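Engineer: Structure incoming, see below.
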Amino acid sequence: MKKLLQGNPLYSIFTGTCPVCQQKSMYQNSNPYILTDTLKMHERCLHCNTKFKIEPSFFYGAMYVSYGVGIAFAVAAFIITHFFIGAGLIAGFISIIATLLVFAPLIMRLSRNIWINFFFNYDEKKAKGTTRAS
């Protein structure tokens with residue numbers, strides 16, 4: 001399955017791997033729910049040596065992406081609660097708040113993954129290399 005999806009930006013976005021080689025994780029800890037490590041990233045890819053933070057404050061742009069991702073999660077929570085479960089508007093509102101609280105670490109990481117994939121493209125040569133590039 002990995003070979004089928006590799007090369008597609010969606011693979012990097014959903015797995016949190018380097019957008020260039022898609023071989024190694026960008027994050028120091030793969031579990032986003034360890035809140036002290038949620039946003040801790042490697043400085044460079046351990047496989048292809050791509051520098052993730054290409055300028056100071058690079059990931060501030062991910063805040064704009066997180067707004068859209070948060071809205072998507074909120075709309076999904078409301079639709080499920082209100083239309084599928086049949087709960088009222090108050091319950092729908094509570095489900096939105098609960099969803100955003102529970103999924104906040106995932107939303108933050110997903111937003112960073114989307115943001116960095118705007119600026120980097122998959123490189124098959126770097127993906128096949130076995131040593132770090134200089």
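Engineer: Hey, rough spin-label estimate for residue 82 and residue 117, points 7 angstrom out along Cα→Cβ, what's it come to in nanometres?
Structural biologist: Each label point lies 7 Å from its Cα, and together they span 2.9 nm.
Engineer: Of the accessible area of the chain, with the probe set at 1.4 angstrom, what percent is carbon plus sulfur?
Structural biologist: Reported share for carbon and sulfur atoms: 66 percent.
Engineer: How many Lys pairs in the chain lie less than 19 angstrom apart by Cα atoms, where the lysines are 8 or more positions apart or on different chains?
Structural biologist: Counting lysine pairs in the chain gives 20.
Engineer: Evaluate the Kirkwood expression for the hydrodynamic radius of the chain, namely the inverse of the mean inverse distance over all pairs of different C-alpha atoms, and round to one decimal in Å.
Structural biologist: 16.2
Engineer: With a 1.4 Å probe and every protein chain left in place, work out the accessible area per residue of the chain in Å², rounded to a whole number.
Structural biologist: 63
Engineer: Quick one: Cα centre-to-centre distance for the stretch 90-104 and the stretch 14-70, in angstrom?
Structural biologist: A separation of 25 Å, based on Cα centres.
Engineer: While we're on this one: Just order 7-16, 52-61, 89-98 by mean Cβ neighbour count inside 10 Å, highest at the front, would you?
Structural biologist: With the highest mean Cβ count within 10 Å placed first, the list reads 7-16, 89-98, 52-61.
Engineer: Report the Rg/Rh value for the stretch 79-134, based on alpha-carbon coordinates and the Kirkwood definition of Rh. Before the final figure, lay out each step's value.
Structural biologist: On the way: Rg = 19.8 Å, Rh = 14.8 Å.
Checking Rg against Rh, the ratio lands at 1.34.
The values are calculated or read from the model by the stated rules, or taken from the named source; none is laboratory data. Note that this is a predicted model, so its numbers are computed, not measured. Note that each Cβ is placed from the backbone with ideal geometry, even for glycine, and that neighbours are counted across all protein chains shown. In case anyone asks, the SASA skips ligands and DNA or RNA and just uses the protein heavy atoms, side chains included. Shrake-Rupley method; radii C 1.70, N 1.55, O 1.52, S 1.80 Å.
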